[in-house]
Structure formats: C-alpha cells, structure tokens
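Just below is one structure, and these are the notes that go with it.
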Amino acid sequence: MKKEFLKDGGEIIETKQKFFRSFKLRKINLAYVESATNRINLIDIPCLFFLRLRSKKTIVFIRDIYIELFPEEYTSFRSRITYFFNKLSNFYLTLISTSMVFPTKEMGEVFFQKNKFFPKRPFTDLPPGTHEITENRASPNFSEKLGILYLGSLGYTNSGYQNFIDFAEMFKNEYNFYILSGDKDLKEKVTASHIHLGKVPRKNIPQFIQENNIAFAFHTRPRNIYDDITFPIKMFDFLSFQLPFFSEEHIPAKRLLGNDYPLFASLENKQEIHRKIKSINPQEYQALLSLLKELALNNTYDKRYKKLLQ
C-alpha cells in the first residue's frame, strides 16, 4: 500500500520524524492510518491529532479484532493491561477517523457491536492484496515426487499447523514436505526429519517452489468466529505465487475463490486431500494456475488503493 501512495504522489509518515512531519503537514484531502499492532504508541496520539486537523478525510484501517472476540484469553495481570490499552487505542483511532476500513465488512460489524460506547463511523472492507505476481508459473513435474508447502508462523494459537504435521507423517513416502517460517523456535516445534525447514525471502519463494517441485500448499487455519471474518495475508501470497492451496471453507475464502474452488477440504480428512491430489491431472492443474493468476491480477494493491479513494 505504501508503494501505491508514493506512486500517486502521496507522503508516508512514519519512524522517528513522524511528529514533526505531522505537525508541519499542509492541508490534505485524505489521511490513511494503518493500525497493525495491539496498541498505538504515545507519540502517535499528537501525530494523529494533527493529521485529523489537516485532512478532509481520515480513514483508519483496523487489521484485526482478536481481543474483542476472545476477551477470556486476557485474564492475567499483564494481558489485562494489553486488553485495556488495545481498547483505548481503538477508541482513539475511531475518534479521529471520519470513516474506517477492515479486512471484511463482517469484522467492522463485530467491531462496533463489541464496542458500543465507541463513536459510530461509516465503514467498509479493504482486504489485503496481491503483489509481485509470479510471471508464467510453470506446472510441477507430475512424474516426480511432488512437494507440499506450509508458509508462515507456527506461533499463532489457532494456526492449525498440526494438521500439516500429521498429514506429512501419514504421507511422508508420497510427497516432500516444506515449512518456510521465520519462527526462531521452528526446530523445537518441528522435529520430524522428513519435513524440510527453512526461511526464504519472499522474493525468492517462487524460485524455491519451482526448484523443489512444490505443487500445493496448506492453509491450515480451522474455521471459527474469528477466521470466518478475516483474510490471512498468506492466502494472497499463494495467489501471487500461483500456488494451489488446500483450505477449509472460510467465508471470505469462498467469496474470494468462488464456491467451486476444487481444493476446499476438511483438513481433518487427510485421506480425502490425498485423493484430491492424486486425482488432479496436469491439464486440471494448469486450469487451476490460470484461475489463481486471474484472481491475483484482480486483487492487486493498486485496486485496493483505488477502492480506498472511492
């Protein structure tokens, strides 16, 4: 999103100079505020105040509302402090906004239902987007052992990565398995020798996929009230890489991929996933690649930026 603002002549205000840049800012038509942490910093309070004074419209993006949905997980003294400052931060962000955006409209609805004392603002959806889309992704070699990928952190409580581990154990003789993650304790979490572990810069992942004959990925998060109203960024990474992926039928995923997407599956039913992999022929796989590329091109960040301006 930063690239889209800069490309259109916008200004990015962040890091050490944010206070002075916010204070000296000329009158502007639109300020876009992206909140991606549990709470804002103290320095952000005056910065956001100045931004609000100088902008005709202030649109605030809220990435997630995990705390609103699962307050029971914040019962210890330290987590109660986190909970309190998250609420305070979100109240202030709502207060300085003229409108708001969330990954899905449903998340916005729940946000205001759970925060009835917040000022009510108009809101809409602004999902993540695709970028650096792989050009001319080649099909894997089906005559060789196929690779299956898990991408991202294993640290999130509801990541569901154990389904990938269990599948890899059950079918270790059928496929090669890879986990790409930046987790520091990755080797402690995954001790199976038949799962290859690593960390690869995003720009090099398409080459990694090609070199290791990776044909599929797993999006392992199970369905719950939270994951049915949000978009994991890795889903858009898979689109950008044109890497077909298995997923539960999350509501946003069905909206994005369509009801007929062939790789929706219960990740508990490992035999069914194995059967689906074996039943896909090279022609069907190529059709999947074409579908994913079309979806990737229709969901780029420049389109998200245009939606934001509208």
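The values are calculated or read from the model by the stated rules, or taken from the named source; none is laboratory data. Note that the structure is a prediction, hence the values are computed from the model and not measured. Here the Cβ positions follow ideal geometry from the backbone for every residue, glycine too, while neighbour counts run over all protein chains shown. Calculation scope for accessible area: heavy atoms of the full protein, side chains included, ligands and nucleic acids excluded. Shrake-Rupley method; radii C 1.70, N 1.55, O 1.52, S 1.80 Å.
Rounded to the nearest 20 Debye, what is the dipole magnitude of segment 166-228 about its Cα centre when Lys and Arg each give +1 and Asp and Glu each give -1 at the C-beta?
On the way: 9 positive and 9 negative charges, 56 e Å.
About 280 debye.
Starting from segment 119-160, pick out the trypsin sites (Lys or Arg not before Pro) whose DSSP state is loop and whose Cβ has at most 14 other Cβ atoms within 10 Å.
Passing sites in segment 119-160 are Lys120, Lys145.
Pairing the Cα long axis of helix 270-279 with the longest principal axis of the chain, what angle in degrees results, from 0 to 90 and rounded to the nearest 10?
Approximately 70 degrees, to the nearest ten.
If you fit an axis through the alpha-carbon atoms of helix 161-170 and take the longest principal axis of the Cα set of the chain, what angle between them do you get, 0 to 90°, nearest 10?
0
In whole Å, what three semi-axes, largest first, describe the equivalent ellipsoid of the chain built from its Cα gyration tensor (square root of 5 times each eigenvalue)?
Largest first, the chain gives 38, 22, 18 Å.
Place a +1 charge on the Cβ of each Lys and Arg in the chain and a -1 charge on the Cβ of each Asp and Glu, then give the dipole magnitude about the Cα centre in debye, rounded to the nearest 20.
That gives a dipole near 1700 debye.
Would you work out which of Leu93, Ile195, Phe20 lies farthest towards the positive end of the dipole of the chain, given +1 charges on the beta-carbon of Lys and Arg and -1 on that of Asp and Glu, about the Cα centre?
Of the candidates, Phe20 comes out farthest on the positive side.
How big is the Cα convex hull of segment 188-300 in projection, averaged over all directions, in nm²?
Its Cα hull, projected and averaged over all orientations, spans 8.3 nm².
Can you put Ile251, Ile67 in order of accessible area, largest first, using a 1.4 Å probe? If you can, show how the numbers build up before the last one.
Numbers: Ile251 80, Ile67 5 Å².
So, going from the largest accessible area down, we get Ile251, Ile67.
About the Cα centre of segment 76-148, how large is the charge dipole given +1 on each Lys and Arg Cβ and -1 on each Asp and Glu Cβ? Please answer in debye to the nearest 20.
On the way: 10 positive and 6 negative charges, 127 e Å.
Computed about the Cα centre, the dipole is about 600 debye.
Using the charge dipole of the chain (Lys, Arg: +1 at Cβ; Asp, Glu: -1 at Cβ; taken about the Cα centre), state which of Leu288, Thr220, Phe49 has its Cα farthest towards the positive end.
Phe49
Report, to the nearest 10°, how far helix 105-114 tilts away from the longest principal axis of the Cα atoms in the chain, using its own Cα long axis and a range of 0 to 90°.
50
Give me the Kirkwood hydrodynamic radius of segment 20-59 in Å, from all C-alpha pairs, to one decimal place?
Numbers: mean 1/r = 0.0947 Å⁻¹.
Here the Kirkwood hydrodynamic radius works out to 10.6 Å.
Give or take rounding to whole Å, what are the principal axis extents of the alpha carbon atoms in segment 1-145, in descending order?
Sorted from largest, the Cα extents of segment 1-145 read 60, 44, 30 Å.
Given a 1.4 Å probe and the protein chains all in place, what does the accessible area of Arg121 round to, in Å² to the nearest 10?
Accessible area, nearest 10 Å²: 50 Å².
Would you mind classifying segment 247-310 by shape? Square roots of the alpha carbon gyration tensor eigenvalues, ordered a ≥ b ≥ c; an a/c under 1.5 is rounded, otherwise it is prolate if a/b is larger than b/c and oblate if not.
oblate
Which percent of the Cα-Cα distances in segment 27-112 go past 15 Å?
The share of Cα pairs beyond 15 Å in segment 27-112 comes to 59 percent.
Per DSSP H run of n ≥ 4, the term is -39500 (n - 2.57); total these for the chain, divide by its residue number, and report the mean residue ellipticity at 222 nm rounded to 500 deg cm²/dmol.
Helix contribution divided over all residues of the chain: -12000 deg cm²/dmol.
Ranked highest first by average number of other Cβ atoms within 10 Å, how do 230-240, 189-199, 148-158 line up?
Working: 230-240: 21.5, 189-199: 13.5, 148-158: 17.8.
So the order, starting with the most tightly packed, is 230-240, 148-158, 189-199.
Have a look at Leu146, Asn115, Phe171 and report the one farthest towards the positive end of the charge dipole of segment 102-178, computed about the Cα centre with Cβ charges (Lys/Arg +1, Asp/Glu -1).
After comparing all options, I get Asn115.
Say the cut-off is 24 Å between C-alpha atoms; which of Lys116/Lys254; Lys16/Lys116; Lys2/Lys27; Lys7/Lys56; Lys7/Lys27; Lys189/Lys293 go over it?
On the way: Lys116/Lys254 30 Å; Lys16/Lys116 35 Å; Lys2/Lys27 20 Å; Lys7/Lys56 21 Å; Lys7/Lys27 20 Å; Lys189/Lys293 33 Å.
Long pairs (Cα-Cα over 24 Å): Lys116/Lys254; Lys16/Lys116; Lys189/Lys293.
So what does Tyr175 come to for accessible area, using a 1.4 Å probe and Å² rounded to 10?
10
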